[in-house]
Amino acid sequence: MLGLPGIPDVLDLGDAMILAGLPTAHLLVLEITPAGRAALHLPRLEVGQGLTTAIAMLVADELDAELTDVDVPLSDGRPELLFNQLTGGSNSVRSLYDPVRAAAAAARARLVTAAAHRWNVPASGLRTAGSAVLAPDGRRLGFGELAADAASVVVPAVPATPKPADQRRLVGRPTGRIDARDIVTGRAEYAGDLQIPGAAPTVVARPTTVNGTLKSLDASVARAMPGVLAVVQIPSGVAVLAETFDQALKARDALRTTWTPGPVADLSDADVRAKLRAAHAPFLLPPLLTPYLDGEFDFAFVNHAPMEVLTAVADVRPGRAELWFAAQSPIIAQQTIAAELGLPQSAVTVHVVRGGGSFGRRLFFDAALEAAQISKAAGRPVKLMWTRNDDMRHGRMRPASHHRIRATYGLGQVLTWEHRAATVRTDLSHGLGEALTGAGFNLSVAGISLAQAFFLLTEKNPYNVGIPTQLLAELPLQLHTGSWRSVYSGTVRVADEIMMDELARRMGQDEVAFRRARLRDAAGRALLDTVAKAGDWGRPMPAGQAQGVGYHEENGGRVAYLVELDATDRANPRVIKAVIAADVGQVINPRGLEAQLTGALSDGISVILLAGNHLDNGTFREGSYADFHYARQRNTPPTVEIHLMPPSGAPGGAGELGVPAASAAVANAYARATGTSPRSFPINF
Amino acid sequence: MPTHTFVLNGRSVTVDAPDDMPLLWVLRDKLGVTGPKYGCGVGVCRACTSHLDGQEFQPCTHSVKDCAGRTVTTIEGLADGDTLHPVQEAWIDCDVAQCGFCQPGQIMTAVALLRRTPDPTDADIDQIQNICRCGSYPRIREAIKRAASGGNP
Ligand code: FES
Ligand code: FES
């Protein structure tokens, strides 16, 4: 609990976001069509987390509909939802579990009531199954046939309460994605695949350094090139519109531009690291008579690099605008774009399109804002694409961070645990602050920044380690940053878990037993036991190979990873096996949860061993996956074993949960395999 | 503007395009064939992977001129009408996709691999260069093995 003035006592960020969304949580739209389909209009974004499938399962269970009869289209931006259309904080299932079931249960009650009227029988004798209402005498009415009548039922004649868990057919059963067929046939549409009439393929020439500005432009050659439709200037660069992306890209190359260096043009990685080291608050406890262990850790900038580059279609006309893009925060996007265009918010429509990955990137609508500016300036619809290079060089990053940890110990106990984190400031201006205010947070009374509130809500040490203190120091730099899957935990908790291993060894204890003896949560101890047993913890390994563990809990979920790593070739270490155990309370779709845990493993392998971004004189060095080394097939283990604990209680969040534990397990295995103490990540950078 | 004729997903198509236009943009912007995805434009992410005369290739680094007179198959041309290719079936059975954006390219790569190597080892699968930023790699491996064994895991 936080215990700060002006801050409600909530357990975590997810609770805060649910609190913020509560007043509008019931404004879900569930539509039964005359064709018998049930459509739950989802005020969230699908980016690969399998949310639409989980929601379809909840709807199908409560309605007694076939899963194949349920659609989950993504809602346009709906400003009346206030804080309840923000996809983030691993919060979607947690926040929608009750409202979706309530909406579906209410719809079912109305369908039953409509059938009862039609047949003139008591509603209490009717049942539902297979997308139909059934009478005891064998009569049957499909939901589609009842849709119109059901819509006019005001007071249902049967209770509209969700089913008890033991009457559900789907929730908790491994279920394939509802959009799998569309994906494997190439029919699934992302923003760049939409055929919006007249939308011109568009790219933007960008400065040579981050946040540089245009000094001079000669577009005469570019304008005369085949297929070029227009060249327009926007605050972030020079846009080229053409008939095809190839022509737009070639004309962009032909622009003659000079740029004024940006505000960080004299900064490189070494400078950032030095500034971070200088930003720390000092430790409270100087080591006097007690033994202590210190550790310092550096984490590099990391691009989100979602597979689908940022893409947005915009059609800005006098008096109105329409946009299509993968939006995690469509309401804030709509407000911001309306203000930018000088239009009332109601004149801007944001269509939310499925995204090709996000990892936090699509909390920001950078491409949509630019597309709106370009469409307005050029007077025609545009389809703006950031190239991979654009997003690597000018996109957002997980901020670089530095961590200083000091643990004191004595008589077999950990006495104190101080963690000082310094990070380049994380841009959180995507509606989170508004949501926290909506949830009753008064940050000015508490005297802390939004980032500090986020840090306090998310960073918890799960162990009994005396008195843990954690402080965040922020380094404001004019770079583009953003939340990266698991946010602060992706570095803070990883550093803590590495220190847990080192402290265990220092105190002569086994790394798993050391954690187990200190973990406060019994469910977490069960996970450690599970991976230790299933992964045969402590088994003899050949020289150059080792096991490593990591544990994390957040957002109502907990997880342990045990990996085996082969570091015989230090330049190419490989995780060869992973055993994962997770407990996230009520699981909706175990297949989906396993996918998230597996993806988090890839992230952990990448950020610890391989993937990061260098800042060189105000520009990021990496330009594509050729030098930003996100894991490929050869970097990931052929064997991944996942153990899910039996469902219990309410659903926890799972989308981000795995990253800190997986990262820590990889780092710990590398340390044990090599006998080194890795301090800077990624290790091979 | 020069015209180029090639077979695309079983039909002959003719397009007007500069010789050096990468096939990816001919497919996506001129022909409306959007299954092959842009992920880098320089041949390293493999999201655009399709087949040229039955072999895997990256349309982002092949000009339309080089494809003239040849046979191009994209993800849209893999199934036989409503009957999916066994690799597509394996992808559904193993529930491989997360965001799905890399998957057309992954599937086309897997189909080409299985043509060359009907019973691939883990080491063969490790050679696949396609990025999956969502990290669906273990399920990709499982699906390839499933397809190789005729649908039995
Ligand atoms: S787009 Fe990346 S390889 Fe073609
Ligand atoms: S499924 Fe998202 S990139 Fe592969």
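Under the simplified labelling scheme, the B:Asp53-A:Lys215 pair shows an inter-label distance of 5.1 nm, with each label point 7 Å from Cα along Cα→Cβ.
Relative contact order for the stretch A:397-681: 20 percent, from Cα pairs under 8 Å spaced at least 6 residues apart, divided by residue count.
Taking other C-beta atoms within 10 angstrom as a stand-in for reagent exposure, A:Ile642, A:Ile498 fall in the order A:Ile642, A:Ile498, fewest first. How large is log10 of I(q)/I(0) for the stretch A:16-60 at q = 0.15, 0.24 Å⁻¹ when the intensity is taken from the Debye formula with one equal scatterer per alpha-carbon? Once normalised to I(0) and log-transformed, intensities are -0.48, -1.01.
Once the Cβ-Cβ distance between A:Ile196 and B:Asp82 is put in as r, and R0 is 25 Å, what FRET efficiency do you end up with, to the nearest 0.05?
After rounding to 0.05, the efficiency reads 0.35.
A simple spin-label model places the labels of B:Thr117 and A:Ala148 6.1 nm from each other, with each point 7 Å out along Cα-to-Cβ.
Assuming charge only on the beta carbon of Lys and Arg (+1) and of Asp and Glu (-1), the dipole of the protein assembly as shown about its Cα centre is about 340 debye to the nearest 20. Ranking of B:Tyr137, A:Tyr561 by neighbouring Cβ atoms within 10 Å, starting from the fewest: B:Tyr137, A:Tyr561. For A:Lys383, a cut-off of 20 angstrom between C-alpha atoms picks up these lysines, skipping any fewer than 8 places away in its own chain: A:Lys250, B:Lys30, B:Lys37.
The mean number of partner chain beta-carbon atoms within 10 angstrom of a residue's beta-carbon across peptide A:126-135 is 0. Measuring r between the beta carbons of A:Ser680 and A:Asp137 and using R0 = 56 Å, the FRET efficiency lands at 0.15.
Quick one: net charge of A:Ser483's neighbours, Cβ under 10 Å, K/R +1, D/E -1? Its environment carries a net charge of +2. Estimated from helices alone, the mean residue ellipticity of chain B at 222 nm is -8000 deg cm²/dmol (sum of -39500 (n - 2.57) over DSSP H runs with n ≥ 4, per residue). The mean count of C-beta atoms from other chains within 10 Å of the C-beta of residues in B:86-99, rounded to a whole number, is 6. Per-residue ellipticity at 222 nm from helix content only, as computed over chain A with -39500 (n - 2.57) for each DSSP H run of at least four residues, stands at -9500 deg cm²/dmol.
Listed peptides A:538-545, A:448-455 appear in the order A:448-455, A:538-545 once ranked by packing, highest mean of other Cβ atoms within 10 Å at the front.
Set the Förster distance to 51 Å, then compute FRET efficiency between A:Ser648 and A:Asn617 from the Cβ-Cβ distance, nearest 0.05. The value I calculate is 0.45. Take each residue of peptide B:136-145, count the partner chain Cβ atoms within 10 Å of its Cβ, and average: the result is 5.
One chain, two ends: A:Ala157 and A:Ala281. Fully extended at 0.36 nm per residue, the span grows by 38.3 nm beyond their Cα-Cα distance.
Net charge near A:Glu322: determine it from the other residues with C-beta under 14 Å of the C-beta of A:Glu322, scoring Lys and Arg +1 and Asp and Glu -1.
+3
The gain in end-to-end length when the A:Ala522 to A:Leu289 segment is fully stretched comes to 80.5 nm, 0.36 nm per residue minus the alpha carbon separation. The percentage of C-alpha pairs in the protein assembly as shown whose separation is greater than 45 Å is 26%. Diffusion coefficient of chain B by Stokes-Einstein, Kirkwood radius over Cα pairs, 10 °C, 1.306 mPa s: 101 µm²/s. Ordered by the number of other Cβ atoms lying within 10 Å of each residue's own Cβ, fewest first, B:Glu142, A:Glu553 fall into the sequence B:Glu142, A:Glu553.
All other residues with a Cβ under 11 Å from the Cβ of A:Arg187 taken together, and with Lys, Arg as +1 and Asp, Glu as -1, what is their net charge? Spelling it out: positives minus negatives among the neighbours equals -4.
Counting only Cα atoms, the size of the stretch B:86-148 along its three principal axes is 28, 22, 17 Å, in decreasing order.
Taking the inverse of the mean 1/r over every pair of distinct Cα atoms in the stretch B:3-77 gives a Kirkwood hydrodynamic radius of 11.8 Å.
Bear in mind that the values in this text are calculations on the coordinates, not laboratory data. Please read these numbers as outputs of a predicted model, since none were measured by experiment. Glycine also receives a Cβ, built like all others from the backbone with ideal geometry; neighbour counts cover every protein chain displayed.
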